[in-house]
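Nothing in this text is a laboratory measurement; each read-out follows from the coordinates by a stated rule. What you see is a predicted model; the values in this text were computed from it and never measured. Heads up, the Cβs are rebuilt from the backbone with ideal geometry, glycines too, and the neighbour counts pull from every protein chain shown.
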Amino acid sequence: MTVSSYLDQYLKIYKKNNVRENTYLSYVGAAEPVKELIGPIRLASLTILHVKAMMADLIDRPGSASHGLTVLRMACRQAVEDGMLKNDPTAHIKKPKTGKSLDVITPAEFETLVGCCTGENRLALLIAYTTGMRPEEVLGLYWSNVNFKKASITIDHAVVRGEGGRALIGPPKNNSSYRTLKVPQKLISDLKQWQKEQAERILQSSNYENNNLIIPRTNGKPLTSNIFAQRFYNIAKKASLSITMKGLRHTHATQLFTAGWHPKDVQERLGHSSIATTMDIYTAYIPARSENIAEYFNTIYPKNT
């Protein structure tokens, strides 16, 4: 069996019905450059040198290299467990650094951004900015997720892109993604106003499919994050800002760190499964840590030295 045919079999047997559809499709896509570069090699003959050569060929495509290695590593570990390989040839291969930087904006810039849109687009931006939700979580919100009296929003669904580009509503990313967040009272007021505007639109539309989504398509059906990303791009361009919808999530977190909130609070708000994830991504945005530590030791420094 070749590496290419094994990857196809591995994804079909071990992943297709065991992960969300969009996750499975991302694995299939990530496997393509692997199959292209080392696919014809017999699985039993695969060595660390083959994997290193593949990574070298992908040096100018760090994202493809990283995702491809992830899928290949999962498959090789399964092959070892199933007795098809003696050792995992990816075991000592490190993922390349993607060099990604977090895109964040200031409160003044966000005010400019949100001033460039109306209706559901404006509400989507306000929700993302004040909650730190993932884009797919924002688009998966039902009106029943909003507690107007307690000023909170519960995340228990997400919209994902299924096969053929269709929108699917399913569970959020992981168990930690299920959460209830307190939100500003001003956002609650804006949500109430948007609920009234949306109700008027529904009455005026003859083909509206009412799924009770807060941020749907104009016909009421679920909206995928890639389609909204194009809307967002146009809004950001109009505001002369370089920011993405996910950048509002980064902005939310960095503003909390800048204001001195504990990393555990930020982790729970973002829905990260581990505080290590939060710290790995946002450590650089915790301000004046070394200065604060030095100042602390000034206060407990021995007096007789």
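Numbers at a glance
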item	result
Per-residue ³J(HN,Hα) for the range 247-263, Karplus 6.51 cos²θ - 1.76 cosθ + 1.60, θ = phi - 60°, Hz, x for Gly and Pro	x, 5, 5, 4, 4, 4, 5, 5, 5, 5, 5, 4, 7, x, 6, 5, x
By average C-beta atoms within 10 angstrom, highest first, the peptides 221-229, 142-150	221-229, 142-150
Interchain or long-range residues, amide H under 5 Å from residue 179's placed H	155
Neighbour-count order for 76, 117, fewest beta carbons within 10 angstrom listed first	117, 76
Sequence of 74, 54 once ranked by neighbouring C-beta atoms within 10 Å, starting from the fewest	74, 54
Length released on extending from residue 277 to residue 45, taking residue separation times 0.36 nm less the Cα-Cα span	80.0 nm
Equivalent ellipsoid semi-axes, the range 3-81, via Cα gyration tensor eigenvalues times 5, rooted, Å	19, 15, 9
Entries in 149/237; 95/238; 192/221; 15/35; 186/264; 16/86 that, when Cα-Cα distance is taken, lie over 29 Å	149/237; 95/238
Relative pair counts by distance (%), Cα atoms of the range 107-285, 10 Å bins	9, 37, 39, 13, 2, 0
The range 158-219 and the range 70-123: distance between their alpha carbon centers, rounded to Å	25
Residue order, fewest to most surrounding Cβ atoms within 10 angstrom, among 64, 5, 206	206, 5, 64
Kirkwood Rh (inverse of mean 1/r, distinct Cα pairs), the chain, angstrom	22.2
